[in-house]
Amino acid sequence: MSRVVLAMSGGVDSSASALLLQQQGYEVIGLFMRSGVTAPAVCEAGGPDALPIVEPKSHKQGCCSASDAADARRVADSLDIPFHAIDFRDDFGRIQDYFADEYLAGRTPNPCVMCNIWLKFGRLWDFARQVGAERIATGHYARLEPRVEDEPPALLRGRDPDKDQSYVLFGIERELLSRVLFPVGGYSKGEIRDLARRAGIRTADKRDSQEICFIPDNNYIGFLERYRGPQETAGELVDTTGKVVGRHDGYHRFTIGQRRGLGVTFGAPRFVVRIEPETRRVVIGPKEALGRTELDAERTNWLIDPPPQQLRCTAQIRYQHRPALCNVEPVSGDRVRVQFDEPQYGVAPGQAVVFYDDSRVLGGGWILQD
């Protein structure tokens, strides 16, 4: 029987993954990754490895809270699989540092991608090898398709287009794909909830997590100012000609494409077009000023053989973006230039650009400042 370590977050997707893996004949070991970001709690009975149980202070639900850990443990117990909860607070601290650094550099971070690279497909695989497991698994909505002998499988979009998470998985090392399983990727979300209900899994109707796990209240600005203290980032609001039209309380409060909360009004909508941390200026303009037909990206990770010349494909510039036709051209090292057939709106430095051939993920990189 092949042993697999499953990342269990306490949600329905990873819970159903445990059940599906069991049904497929795997020996499953559950692993919950503690972030160290907790609220005051009391422990339930259960010995020295008991997990704290807390009632959330609001309706918002993260994926690494103490209550999530308790849900994950209970699901593991109900399925009679071994369960471990390990403290990864140092690794989560690295992700928090990255998040704060990016915002203070005028970029828009994507901590979920970095969490996948560093933790779910980094430390998770390290743990798997320690316990003699041959594979790791997560509850992501993505699929893997076998290729020719000795070639890693292809990473594909999940079957449910509304839940597809392939965008946040582009950073997986290609050679690791042969060790990865995505049990729910071939199902719709509704089918997964139905499966969990029929099996009596307690998380079947649990609300999906929507917030970054270390910011459960979804207050990014509050987190930044608590984590790094007050910031001297206030400055001028200017239009695309450089004319000063107002002032702002801090450029770290803005992201590219933002429309609301600008602090000034015009006869027509205005959007954040550019953030200039060196001058502390935030540039705003009409929607057409957001349009870009070209971007550069670096730290490219390829899930195919790196193309030696221009590649025709589609590209996705953020999680909910509709893929756009483009040409991708290697520039130097791990850097590429992306040229779109039509202008794309809201291209944000610090976000990932991910390349696709139909449903297959080809690779991706990190969008650079102009």
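Is it the case that region 247-255 has a residue that's among the hydrophobic types (A, V, I, L, M, F, W, C), surrounded by 19 or more Cβ atoms within 10 Å (Cβ to Cβ), farther than 30 Å from residue 80 by Cα and in contact with a His (Cβ under 8 Å, 6 or more places away or on another chain)?
Yes: one or more hits.
Does region 302-313 contain any residue that is without any contact (Cβ under 8 Å) to a residue 60 or more places away in the chain, exposed (fewer than 14 other Cβ atoms within 10 Å of the Cβ) and within 20 Å of residue 100 (Cα to Cα)?
Looking through region 302-313, none of the residues is without any contact (Cβ under 8 Å) to a residue 60 or more places away in the chain, exposed (fewer than 14 other Cβ atoms within 10 Å of the Cβ) and within 20 Å of residue 100 (Cα to Cα).
Kindly indicate the residue of region 63-87 that is farther than 14 Å from residue 14 by Cα and crowded, with 22+ Cβ neighbours inside 10 Å and also modelled with the lowest pLDDT among those meeting that condition.
Top of the filtered list is 65.
Being of a type in the set (Val, Ile, Thr), within 25 Å of residue 343 (Cβ to Cβ) and over 25 Å from the mean Cα position of the chain (by Cα), is that true of even one residue in region 274-282?
yes
When you go through (1) in a loop (DSSP other than H, G, I, E, B); (2) closer than 19 Å to residue 108 by Cα; (3) hydrophobic (A, V, I, L, M, F, W, C) one by one for residue 272, which number turns out not to apply?
Tallying (1) in a loop (DSSP other than H, G, I, E, B); (2) closer than 19 Å to residue 108 by Cα; (3) hydrophobic (A, V, I, L, M, F, W, C), residue 272 fails exactly one: (1).
It is to be established whether one or more residues within region 251-263 are under 24 Å from residue 106 (Cβ atoms), charged (D, E, K, R), outside the structural domain of residue 348 (by TED's automatic domain parsing) and not in a loop (DSSP other than H, G, I, E, B).
yes
Of all residues in region 117-131, count the ones that are buried (at least 19 other Cβ atoms within 10 Å of the Cβ) and of a type in the set (Gly, Ala, Ser).
Matching residues across region 117-131 total 1.
Determine the pairs where a residue that is in contact (Cβ under 8 Å) with a residue 24 or more places away in the chain and outside the structural domain of residue 21 (by TED's automatic domain parsing), located within region 187-210, has a partner that is assigned to a loop (DSSP other than H, G, I, E, B) and of a type in the set (D, E, K, R) with Cβ atoms under 6 Å apart, the partner being 6 or more residues away or on another chain.
none
Mind checking whether some residue in region 258-266 is crowded, with 16+ Cβ neighbours inside 10 Å and under 23 Å from the mean Cα position of the chain (by Cα)?
There is at least one residue in region 258-266 that is crowded, with 16+ Cβ neighbours inside 10 Å and under 23 Å from the mean Cα position of the chain (by Cα).
State which residue is farthest from residue 290 (Cα to Cα) when the search covers only region 317-347 and only residues that are assigned to a strand (DSSP E or B) and polar (S, T, N, Q).
The extreme case among them is 332.
What are the residues in region 331-355 that are out of contact with any Lys or Arg (no Cβ under 8 Å at 6 or more places or on another chain) and either surrounded by fewer than 20 Cβ atoms within 10 Å (Cβ to Cβ) or assigned by TED's automatic domain parsing to the domain that holds residue 108 (or both), if any?
Within region 331-355, 332, 333, 335, 337, 339, 341, 342 meet the criteria.
Can you find even one residue in region 242-254 that is touching a residue at least 40 places away in the same chain (Cβ under 8 Å) and within 26 Å of the chain's Cα centre (by Cα)?
So far as region 242-254 goes, yes, one or more of its residues are touching a residue at least 40 places away in the same chain (Cβ under 8 Å) and within 26 Å of the chain's Cα centre (by Cα).
In the set 109, 56, 52, which member is under 16 Å from the mean Cα position of the chain (by Cα) and either at pLDDT below 95 or within 29 Å of residue 351 (Cα to Cα) (or both)?
It is 109.
Quickly run through region 95-116 and pick out the residues that are among the acidic types (Asp, Glu) and buried (at least 20 other Cβ atoms within 10 Å of the Cβ).
Listed by number, the list holds a single entry, 102.
All but one of (1) farther than 30 Å from residue 285 by Cβ; (2) β-branched (Val, Ile, Thr); (3) out of contact with any Ser or Thr (no Cβ under 6 Å at 6 or more places or on another chain) hold for residue 201; state the number of the condition that does not hold.
Failing condition for residue 201: (3).
The values are calculated or read from the model by the stated rules, or taken from the named source; none is laboratory data. Computed from a predicted model, the values in this text were never measured in an experiment. Heads up, the Cβs are rebuilt from the backbone with ideal geometry, glycines too, and the neighbour counts pull from every protein chain shown.
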